[in-house]
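Data first, discussion second: the structure below is written as structure tokens.
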Amino acid sequence: MRIDLISDTVTRPSEEMLSVMMNAKVGDDVFKADPTVNELQEKVTKMFGVEDALFFPSGTMANQAAIKLHTQPGDKMFCDKWAHVFNYEGGGAAFNAGVSSHLIDGERGMFSAEQLRYAVSGRADIHVPYSRLVCIENTTNKGGGACWNFEELKKIKQICVDKDLAFHLDGARLFNALVAKNETPKQYGELFDTISICLSKGLGAPVGSILLGTKEHIAKALRIRKLFGGAMRQAGFLAAAAIYALDNNVERLAEDHQRAKKIGKVLKSCSFVQSVEPIETNIVIFYLNNTIKENSFVAKMVEKDIHFISMGDGKLRMVTHLDFTQKMLDKLIVELQSF
Ligand SMILES: *Cc1c(COP(=O)(O)O)cnc(C)c1O
């Protein structure tokens with residue numbers, strides 16, 4: 001039994017999801033003639049109470065399109081030093097939009113409104129790149145699945161309004177945050193100018209992300225998606241999986257969170273573990289003490305067909321997901337406790 005905790009992107013479509021995909025009505029989405037893509041876009045538009053939505057092949061492309069549509073070359077955006085848009089998108093903000101990133105030194109991938117207010121100051125000075133965009137991530141990936149405090153987000157929004165900054169949410173795992181904090185999509189739809197959401201992570205679709213925004217933003221995003229090479233033809237097969245995922249796999253994210261918390265508890269009791277980051281959603285980040293090296297721990301677990309990654313700086317990461325079952329959890333616990 002392979003136990004794959006490398007990422008929540010490793011899930012494969014279930015039989016039921018596959019059959020929905022195989023039976024999807026499709027058309028050429030470049031001509032807006034794919035009924036299933038249109039249905040998906042309308043569904044999330046309503047769900048979040050926003051004006052419009054656009055289907056993308058990846059979360060990276062959705063984020064990059066958002067950064068591009070809010071900025072001009074030479075502008076800068078603000079994000080946390082651990083942000084995916086800065087660390088894990090290949091330098092895309094600089095490459096695609098000509099934008100520099102002002103990194104804020106937050107906690108677990110989150111910064112405060114006060115830190116942002118301080119960072120934005122000095123904009124009138126012509127030496128300073130023009131501040132145009134604030135980008136936050138919920139849940140935070142490198143921050144271990146941490147969820148933002150919504151009250152803090154409202155304060156950040158107020159700064160964006162006062163300083164005429166666009167506000168983008170990298171919501172790759174937004175549904176994990178909504179389930180964990182009992183929040184609603186509409187709360188977020190109201191607060192942000194644009195939101196990207198991955199359908200291929202905890203929700204279990206094989207491919208695809210969504211970008212949400214006003215009609216004007218999405219009209220721009222449509223041109224940028226074409227320019228990036230991301231306009232697809234019969235994408236309804238993928239959109240069908242996404243619709244199925246939204247209908248069936250949201251509430252169950254709570255199970256992934258419970259299992260992650262259980263893993264954290266067991267790790268804490270292991271003699272070779274130094275510490276475990278607080279666990280709010282489906283990501284477990286932990287550190288070993290000096291009794292064993294990270295690489296040899298990872299390798300020994302691979303021998304037992306248990307897979308997870310080292311993120312550098314001593315961080316080890318396990319991510320729970322749709323295809324990580326109770327049986328796998330039980331086996332993982334036995335292997336950790338007898339290690
Ligand atoms: C996964 C992820 C993305 C997008 O990733 P893709 O693999 O391009 O879909 C963006 N932001 C965060 C925080 C992520 O974890």
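The values are calculated or read from the model by the stated rules, or taken from the named source; none is laboratory data. All of these numbers come straight from a predicted model, not from anything done at the bench. Here Cβ is always computed from backbone atoms with ideal geometry, including for glycine, and neighbour counts include all displayed protein chains. For accessibility, only protein heavy atoms count, side chains too; no ligands or nucleic acids. Shrake-Rupley method; radii C 1.70, N 1.55, O 1.52, S 1.80 Å.
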At a Cα cut-off below 26 Å, give the lysines reachable from residue 43, other chains included and same-chain residues fewer than 8 away excluded. 25, 32, 68, 154, 157, 181, 186, 201, 215, 220, 226
Quick one: Debye curve from the C-alpha atoms of the stretch 14-97, no solvent, what's log10 I(q)/I(0) at q = 0.11, 0.18 Å⁻¹? -0.46, -0.94
With 5 Å bins from 0: P(r) over the stretch 186-302, alpha-carbon pairs, percent: 2, 9, 12, 14, 15, 12, 10, 10, 9, 5, 2, 0
With every protein chain left in place, what is the accessible area per residue of the chain in square angstrom, probe 1.4 Å? 44
Under 27 Å from the Cα of residue 293 - lysines, other chains or at least 8 residues apart: 81, 142, 261, 262, 265, 268, 304, 315, 331
Could you work out how far apart the two model spin labels at residue 190 and residue 339 are, taking each label as a point 7 Å from the Cα in the direction of the beta carbon, and quote it in nm? 4.5
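Rounded, prolate or oblate: which fits the stretch 15-248, taking a ≥ b ≥ c as square roots of the Cα gyration tensor eigenvalues, rounded meaning a/c under 1.5, else prolate when a/b beats b/c?
In terms of gyration-tensor shape, prolate.
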Magnitude of the Cβ-charge dipole (Lys and Arg +1, Asp and Glu -1) of the stretch 15-248 about the Cα centre, nearest 20 debye, reported as 340
What full-extension length gain, to one decimal in nm, is calculated for residue 163 and residue 9 as 0.36 nm per residue of separation minus the Cα-Cα distance? 51.8 nm
Gap separating the Cα centres of the stretch 16-55 and the stretch 212-279, nearest whole Å: 17
Taking the dipole of the chain about the Cα centre (Lys, Arg +1; Asp, Glu -1; charges at Cβ), the one of 195, 180, 11 that reaches farthest to the positive side is 11
Extension reserve of the residue 95-residue 32 stretch, reckoned as 0.36 nm per residue once the Cα distance is removed: 19.8 nm
Could you tell me the relative contact order of the chain? Use alpha-carbon pairs under 8 Å, at least six residues apart, and round to a whole percent. 25
Given a 1.4 Å probe and every protein chain left where it sits, what share in percent of the accessible area of the chain is carbon and sulfur? 52
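Do you know the relative contact order of the stretch 172-317, to the nearest whole percent, from alpha carbon pairs under 8 angstrom that are 6+ apart?
Values: 166 pairs, mean separation 25.2, N = 146.
Once normalised by length, the contact order is 17 percent.
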With the 8 Å Cα cutoff and a minimum separation of six or more residues, the stretch 110-218 has a relative contact order in percent of 21
For the stretch 243-293, would you read off the P(r) tail past 14 Å as a percentage of all alpha carbon pairs? 57
Descending packing, highest mean Cβ count within 10 Å first, for 199-209, 329-339, 168-178, 121-131 is 168-178, 199-209, 329-339, 121-131
Name the long-range amide H neighbours of residue 166: under 5 Å, sequence gap of 5 or more, or other chain; modelled H, no Pro or chain starts. 133, 134
Gap in Å between the Cα centre of the stretch 174-211 and the Cα centre of the stretch 301-321? 25
